[in-house]
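Below: one structure, written as structure tokens.
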Amino acid sequence: MKHTPSNQFRLVHDAELHDRIEALRPLKNVDLFDLSLARTNRRDVARNILARIGAKQRSTINFVNAHCVNVQRTDAVYREALRTSDLLLPDGVGMEIAAQLCGEELGENLNGTDLFPEICREAEDQGASVYFFGGLPGVANGAANWAAAHYPELRIAGTQSGYYSVENENALIERMNRSRAGIIFVGLGVPLQEKWIARNRHRLDAPVVMGVGGLFDYYSGRIPRAPKFVRACKSEWVWRLAMEPRRMAKRYIRGNASFLAYSCVQAARQTGFADRANAFAKRAVDICGAALAIMALLPIFLAAALSIWFEDKGPVFFRQTRIGSDGSPFSMIKFRSMFIDAEARRASLVAQSDRYGTCFKMREDPRITQTGRFIRRFSIDELPQLFNVLNGSMSLVGPRPALPSEVCEYRGSQWQRLRGKPGITCTWQVRGRAEIPFERQAIMDRAYLKRTNLFVDLKLLMCTPGAVLSGRGAY
């Protein structure tokens, strides 16, 4: 095929179109701190940003560093602004450390100071214009002058300091829109810039709006950047602390310590270590607690057993199939509190249940023996379940084990209460027991399973004796 000028133009155009389509492909992400962060290099992310401009793809882009993570923990508005961003870029060695703790790998450090020249170069090549907004008076101009000097073909759409009257905000946004900027750099600092962007994004015509923090200070020359060898040692934060000790002390000394501690907690959750540690601690408490309780309560065990046997000469213990963790059936043991033929008589009493719905309960159940009423009143009938705890089919704390017939009547999210190991005591057991409707019990069980930890279990265990002695809801 002969390459005529028109054919050559088309080949070049097709190659450029292909490159732009490739640049628009979604970047790989890493999830940290409940935020989705880009995992790529500076060149590719700069090309992706410019491709968004070329495609008129409205995008909000922000950076996330250790300070940002600390701020978003206590600032809900800022946290929402980050989560609704179209692209989040990891910035600084802190994010790299956090990723390593979680067993993840980030790409290059995508801090704004190093990324800015790449964006300017791509914008110059593609004819996109940029607008500088933020910083002290004259700082945005200084950064724009640096960009113009280093990239002579770069189109500067305009500049504006971060000090302006709120009454003039509408005029400022009109001016930004008239400039037809492809990208607006907003340098108001964290979290003001992200909140400003979130509040005004719907009024800004620019395809890309990007929060850049203190970037203008470096490129205007107001604050010198760390030497290359300091940056190579990943200690630029030390340089910044040395340059502005009074302003940065809280952020870098206390803030970095807080960030590292929080990163360790998040890593424990993300890698499953926290769950494994919690499960180990829970099992250890179950074994030790059940063994000690059996030894301490042995006289009560003996007294209850003798009373049950003397009343009707029937079995002391009652075994019943219950549904455990993840729907697995197991044999639960209790002191027998009903007559031997109780199960056969249950069908004739269902219509008289005091509780509407899934679970059958009667305040004056004729199947209960005299001894049974007493041991139920003080939950003594539940004590043999300590042996279930020892063999691992139950826990000291967890949703009460359900009957198979009850499980068959579960609806919707009620099934979720089977996700954890059943327990002797639980949230609703210490707050009213049978007085609480089953629908509410299921909600409380699901809430417990979502936030279960050793401290919650210990708190419920400490509340249980008081609930037992009060007798509330025990029948």
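The values are calculated or read from the model by the stated rules, or taken from the named source; none is laboratory data. Only a predicted model underlies this, so the values are computations on that prediction, with no experimental measurement involved. Using ideal geometry, Cβ is built from the backbone for each residue, glycine included, and neighbour counts are taken over all protein chains shown. Calculation scope for accessible area: heavy atoms of the full protein, side chains included, ligands and nucleic acids excluded. Shrake-Rupley method; radii C 1.70, N 1.55, O 1.52, S 1.80 Å.
Two decimals is fine: what is log10 I(q)/I(0) at q = 0.18 Å⁻¹ for the stretch 24-100, from a Debye sum with one equal scatterer on every Cα and no solvent? Listed by q, the Debye log ratios stand at -0.73. When the square roots of the Cα gyration tensor eigenvalues are ordered a ≥ b ≥ c, the ratio a/c for the stretch 109-150 is 1.5 or more and a/b does not exceed b/c, which makes its shape oblate. Under 27 Å of direct C-alpha separation, and excluding same-chain neighbours fewer than eight residues apart, K234 reaches these lysines: K28, K250. One Cα centroid belongs to the stretch 57-120, the other to the stretch 294-333; the line between them spans 57 Å.
Counting only protein heavy atoms and a 1.4 Å probe, the chain has 52 square angstrom of accessible area per residue. When the Cα positions of F378, S393, M95 are compared along the charge dipole of the chain, F378 comes out farthest toward the positive end, with charges on each C-beta of Lys, Arg, Asp and Glu. Its alpha carbons give the stretch 209-276 an Rg and a Dmax of 16.1, 51 Å.
Using a probe of 1.4 angstrom, how much of the accessible area of the stretch 365-425 is carbon and sulfur, in percent? Its accessible area is 58 percent carbon and sulfur atoms. Split the accessible area of the stretch 122-210 by element, probe 1.4 Å, and carbon with sulfur accounts for 49%.
The ellipsoid that matches the Cα gyration tensor of the stretch 136-250 has semi-axes, each √(5λ) in whole angstrom, of 28, 18, 13, with the longest given first. The fraction of Cα-Cα pairs per 10 angstrom bin, counted from 0 for the stretch 407-454, comes to 25, 59, 15, 0 percent, rounded to whole percents.
Cα convex hull, the chain: 238 Å³ per residue, rounded to a whole number.
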